[in-house]
1. Which count do you get for residues in region 67-85 that are surrounded by 10 or more Cβ atoms within 10 Å (Cβ to Cβ) and under 30 Å from M19 (Cβ atoms)?
2. Within region 11-29, can you find the residues that are at negative phi and surrounded by fewer than 11 Cβ atoms within 10 Å (Cβ to Cβ)?
3. Checking the conditions here, which among N43, N66, N14, N52 is without any contact (Cβ under 8 Å) to a residue 40 or more places away in the chain, closer than 26 Å to L99 by Cα and either among the polar types (S, T, N, Q) or out of contact with any Asp or Glu (no Cβ under 7 Å at 6 or more places or on another chain) (or both)?
4. With respect to A69, is the statement that it is more than 21 Å from the chain's Cα centre (by Cα) and in a helix (DSSP H, G or I) true?
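Bear in mind that the values in this text are calculations on the coordinates, not laboratory data. All figures in this text were calculated on a predicted structure; none of them were measured in a lab. When we count neighbours, we look across all protein chains shown, and the Cβ atoms used for this are built from the backbone with ideal geometry, even at glycine.
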Amino acid sequence: MSQSLFSQPLNVINVGIAMFSDDLKKQHVEVTQLDWTPPGQGNMQVVQALDNIADSPLADKIAAANQQALERIIQSHPVLIGFDQAINVVPGMTAKTILHAGPPVTWEKNVRRDERRGHRGAGVRRTGERSRRGG
């Protein structure tokens, strides 16, 4: 490998864990972050199922449906119709509901232990704030 690589500015492409690109940015290295996870998130049963679909007659239909969905997103014109607190507009939401960006998950099985601690801590803090305000 030529030593000239290290005598010029680098533009690193980081694939996956953003922590690595964050560390490079702190060192003033230009970084392009590529969000990627392994197919099926590394679960070999899921990978096999995806391989089976990719090799089936459904593959073309799936690709066409994905293309149509992408075109609809690109051609859309979103319009803000209002805003409010989530508890007022999310059906079934209560003061104890925790929202996240993703599909529904079960608490003990799918929420990491450190996240559960954070949510519990936030709940305790809110309860303490309410009691100090007399509510």
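1. Residues that pass the stated criteria total 1.
2. Correct list: N11, I13, M19, K26, Q27.
3. N43
4. For A69, the condition - more than 21 Å from the chain's Cα centre (by Cα) and in a helix (DSSP H, G or I) - is not met.
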